[in-house]
Amino acid sequence: MQTSARRSQKSNDMRGLRLAILCMLEFFMVTCDQKIGSFEGEALDVIEDCSDFKNCVISINQITNFDWDTMYVFRYLATDEDIKLITGISPENLGDSYSSKVVFMKEREVVFFEKRDVDVSSGPDNNAIVFDFGHTSRKFKLFTRESDLFNVERVYFGNEKYYYLLSHQRK
């Protein structure tokens, strides 16, 4: 009889362990979905504090927790050759094409890099950060620490989906 009780207790313990693991996995998946620890995630935290998107202005310095002097924003159209020509960085360090990239540099050295895959057929991801390139074919934009202010606009598309359009604010 004691053996049966031990097996029952062991079975309950295993169910509890499985439930705990499932809860941890679900928390991890939600956390990853919110882009925590990424430049985009940090930017979203700051942007979502805006109560009025007609007057929302953010500072990139407010988002970053590292020292930088130059920020490059590359469209998905930028080739490896473009990136190397513009920054002097080997493209193999920057990921594949069809991804937008943000590269922060300090004294011509990369201090932070982030890429986001782009699906050109469906538009931006919901709740994404998109830098405004206007109606140009430019493949990149360069910003300095002194020119880090951006107007933020929430742009709706589709079934209540939206992205945040960051337009450079000239000083």
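The values are calculated or read from the model by the stated rules, or taken from the named source; none is laboratory data. Since the structure is predicted, the reported quantities are computational estimates derived from the model, not experimental observations. Cβ sites come from the backbone with ideal geometry, for glycine too, and all protein chains shown count toward neighbours. Just the protein is used for accessible areas: all its heavy atoms, side chains included, with ligands, DNA and RNA removed. Shrake-Rupley method; radii C 1.70, N 1.55, O 1.52, S 1.80 Å.
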Would you say Phe150 is part of a loop (DSSP other than H, G, I, E, B) and either open to solvent by less than 50 Å² (accessible area, probe 1.4 Å) or acidic (Asp, Glu) (or both)? no
Yes or no: Glu92 modelled with pLDDT under 85 and farther than 23 Å from Glu48 by Cβ? yes
From (1) among the aromatic types (Phe, Trp, Tyr); (2) in contact with a helix residue (DSSP H, G or I) (Cβ under 7 Å, 6 or more places away or on another chain); (3) at pLDDT below 85, pick out the condition that doesn't hold for Phe74. (3)
Could you please find all residues in the range 16-71 being modelled with pLDDT of 90 or more and basic (Lys, Arg)? none
Residues of the range 64-85 being among the hydroxyl-bearing types (Ser, Thr, Tyr) and either assigned to a loop (DSSP other than H, G, I, E, B) or farther than 14 Å from Ser147 by Cα (or both), which ones? Thr64, Tyr76, Thr79
Contacts under 6 angstrom Cβ, first residue in the range 66-87 being in contact (Cβ under 8 Å) with a residue 12 or more places away in the chain and closer than 21 Å to Val130 by Cα, partner open to solvent by less than 10 Å² (accessible area, probe 1.4 Å) and part of a loop (DSSP other than H, G, I, E, B), 6 or more apart: Ile83/Leu94
